[in-house]
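No value in this document is a laboratory result; all are computed from the given coordinates. Predicted model only: the values in this text are computed from it and were never measured. FYI the Cβ positions are ideal-geometry reconstructions off the backbone, even for glycines, and counts take in every protein chain you see.
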Amino acid sequence: MLPLLDPDSTLAALDAVGLPERLQGVNLLRTALHHPPVARVIGDAIDALVLSGVLDARLRELAIMRVGWRIGAPYEWANHYAIARRAGLTDDEIVAVRGSAPAAVGAPEQCVVRVVDEVLDGVSVSEATLAEARDLLGDDRALIELVMIPACYRAIGTFLLTFDVPLEDGLERWPPDGVGPAASG
């Protein structure tokens, strides 16, 4: 595990790489800023895919939650749980994303799960799934974001898991019920 940068060092490093001060308390960046250019890449990916993205927030968060679940990254899951709830996902829908064919969600959400799974399992998305996602989204920018989410969040998850980045204070592991991937069988 790498130590978290202290708040003052984090603030100075964020300023040096041009990331906003509001990220000062984000443990992912407090760790990544040990290598400022890498932290900048992570910050830019989060900005492009989450903060400034065009993909519907519900679908985006469902995709990120699916990646977090599939790779066993409690940091991603815990941090995106509240965002997913604010985006309109219910606890039932969030829990459903754990399964391979989540019946508690509709066809668009199931398509998102297939995109994520195909990227995680085989690197690229099949022509059939890509065509379905393109029809569903109707916006090539949103389609690109959907494909990039599992790619980028797998990389971020690898960083988080390798360096054992701790959750921020006040976050619980694997909300809403505390059940993580290993416990689900």
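Annotations for the structure displayed:
- Under a model in which nothing but the beta-carbon of Lys, Arg (+1) and Asp, Glu (-1) is charged, the stretch 15-62 shows a dipole of about 100 debye around its Cα centre.
- Here the simple spin-label model places points 7 Å from the Cα toward Cβ, and for D177 and H34 these points are separated by 3.6 nm.
- Between S100 and E21, the FRET efficiency estimated from the beta carbon spacing at R0 = 45 angstrom works out to 0.65.
- Largest first, the three principal axis extents of the alpha carbons in the chain are 47, 36, 29 Å in whole numbers.
- Paired Rg and Dmax values of the stretch 7-51, which use every Cα atom, in angstrom: 9.2, 27
- FRET efficiency estimate (nearest 0.05) - Cβ-Cβ, D47 to T129, R0 25 angstrom: 0.40
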